[in-house]
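The values are calculated or read from the model by the stated rules, or taken from the named source; none is laboratory data. Here the structure is a predicted model, which is why all the values come from computation and not from measurement. For neighbour counting, all protein chains shown are included, and Cβ atoms are generated from backbone atoms with ideal geometry for every residue, glycine included. Accessible surface is based on the protein model in full, side chains and every heavy atom, while ligands, DNA and RNA are left aside. Shrake-Rupley method; radii C 1.70, N 1.55, O 1.52, S 1.80 Å.
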Amino acid sequence: MGKPIRIGMVGGGLGHGGFMGRVHRMAQRLDGEYVLAAGCFSSSAERSRETGDALGLDPGRIYADYASMAREEATRDDGIEAVSIVTPNHLHVPVARVFVEAGIHVVCEKPMATTLADALALRDLAKRHGVAVMLTHNYSGYPAVRRARELVAQGALGELRIIQVDYSQDWLTEAGNEGWRGDPDQAGPAGALGDIGTHAYQLATYVAGQSATTLSADLHTFVPHRRLDDFAQALLRFDGGARGRLSVSQVSPGNNNRLQLTVYGTKAGLHFDQEAPDALMFSPLGEPAQRLDRGGPGPAGGADRQAGRIPAGHPEGYLEAFAQLYRDFAAARRGDTAAAAMLPDATTGCEGLAFIEAMLASHRAAGRWTQLPSYSD
Ligand SMILES: NC(=O)c1ccc[n+]([C@@H]2O[C@H](COP(=O)([O-])OP(=O)(O)OC[C@H]3O[C@@H](n4cnc5c(N)ncnc54)[C@H](O)[C@@H]3O)[C@@H](O)[C@H]2O)c1
């Protein structure tokens, strides 16, 4: 561990909202790798001030708007080295752009942008300025997910055949809770698809090491007057030869965050359940299924042990997985290329937007098989 990285935050105001800001602040603190030094926590100057005061920030570093924050922090000797962006989706790119131009590394919530064109432009800008972008697809911070990825990469599953991912929630089963997520001007063109579909797709591609080339999608909005989808499903064909299916819903009663991934290969299958994230089910063909506990014995496990903090049996969960991304991001800033390779980045962000745009195009064409637009470097 080196000297803590000075980080700022845009979004995450206390009071109503600010959900992800609270999570990011906890994740930043968990391993002592960051110190929160500046912030613009709300579009309201007063709310930003109240939040910064409550967090004990230097009053001179609580900002009324994010552009001044980027400008002023860039001129200070003790200015922030990174910023976390935890605003509604439509602000991710405009906020990221001013910090990238100021040479400040970016941690950004998903989806990275509201269009693929914007995502590509941001990735190019960051590259030109030599600035790192981490996208907080936090499920890729779970030790079990890291182990699943390692098992696939080591060939323990053989050749991958089938990839199935489902993310079901119920909190939008009735109208009224949408907030900015119900407004296409703030959320972007996708509802559940953008909010949790991007997580499901990223989890599948992260573990499988394959990306979709074409897909056939069906979206629906079950709740009357809602302006964006609350359900989406797709069949997918992957570049490594696997076939898959993905479904996401925010209208499935009885589900909180039921994110489940199952992958089958010629030699074995594996199953990850986000609501029981401390273990991975591994099923070699012709053998009894094995529960691979975090940090426990069994095949692979190097990446898993690295990502855990406490002995198995003391549960780790969502916050620790989130903190893992921050820990890897700090290590990457110190030149650790293995840590950097674990992280969702600006290309992952472009991949997410390519997925969204292909899903929307396929749905509009009555489910026609549709190629993902290109996002390669
Ligand atoms: N990774 C995850 O698990 C996860 C979970 C939930 C949300 N998210 C993402 O996090 C982001 C925020 O979602 P949320 O649920 O925290 O929303 P939220 O509505 O709870 O919080 C948004 C915050 O942004 C602030 N804000 C709005 N405009 C601003 C501006 N101009 N300047 C500064 N601050 C401004 C608001 O005051 C509020 O504090 C979204 O992009 C969402 O997709 C990710």
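Residues that are more than 11 Å from the ligand (Cβ to nearest atom) and closer than 16 Å to Leu353 by Cβ within region 174-190 comprise Pro184, Pro189, listed in sequence order.
In region 84-99, the residues that are more than 21 Å from Asn138 (Cβ to Cβ) reach residues that are in a helix (DSSP H, G or I) and near the ligand (Cβ under 8 Å from one of its atoms) with C-beta atoms within less than 7 angstrom, at least six apart or across chains, in these pairs: Val98/Tyr66. When the strands (runs of 3 or more DSSP E) confined to region 5-101 are screened for residues that are small (Gly, Ala, Ser) and within 13 Å of the ligand (Cβ to nearest atom), those reaching at least 2 such residues are found at 5-11, 34-40. Hey, any hits in region 219-233 for a residue that's within 13 Å of the ligand (Cβ to nearest atom) and either on the phi > 0 side of the Ramachandran plot or free of Cβ contacts under 8 Å to residues at least 12 places away in the same chain (or both)? Scanning region 219-233, I find no residue that is within 13 Å of the ligand (Cβ to nearest atom) and either on the phi > 0 side of the Ramachandran plot or free of Cβ contacts under 8 Å to residues at least 12 places away in the same chain (or both), so the answer is no.
One line per residue, one yes/no per condition, for (1) under 16 Å from Gly103 (Cβ atoms); (2) modelled with pLDDT under 95; (3) of a type in the set (A, V, I, L, M, F, W, C); (4) open to solvent by less than 10 Å² (accessible area, probe 1.4 Å):
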| residue | (1), (2), (3), (4) |
| --- | --- |
| Arg29 | no, no, no, no |
| Val35 | no, no, yes, no |
| Gly39 | no, no, no, yes |
| Leu57 | no, no, yes, no |
| Arg61 | no, no, no, no |
| Ala67 | yes, no, yes, no |
| Thr75 | yes, no, no, no |
| Asp78 | yes, no, no, no |
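Taken over region 87-120, the criterion of being among the hydrophobic types (A, V, I, L, M, F, W, C) and under 20 Å from Gln202 (Cα atoms) is satisfied by Val93, Val106, Val107, Cys108, Met112, Ala113, Leu116, Ala117, Ala119, Leu120. Selection of region 145-176 for residues being assigned to a loop (DSSP other than H, G, I, E, B) and surrounded by 20 or more Cβ atoms within 10 Å (Cβ to Cβ) yields Leu157, Gln169, Leu172. Considered as a group, the residues in region 306-336 that are under 20 Å from the mean Cα position of the chain (by Cα) and more than 20 Å from Phe272 (Cα to Cα) include one that is most open to solvent (accessible area, probe 1.4 Å), and that residue is Arg333. Just one of the listed residues (Gln371, Gln324, Gln290) is out of contact with any Asp or Glu (no Cβ under 6 Å at 6 or more places or on another chain), polar (S, T, N, Q) and more than 19 Å from Ala200 (Cα to Cα), namely Gln290. When we screen Ala366, Ala354 for residues that are at pLDDT 95 or above and on the phi < 0 side of the Ramachandran plot, the only hit is Ala354.
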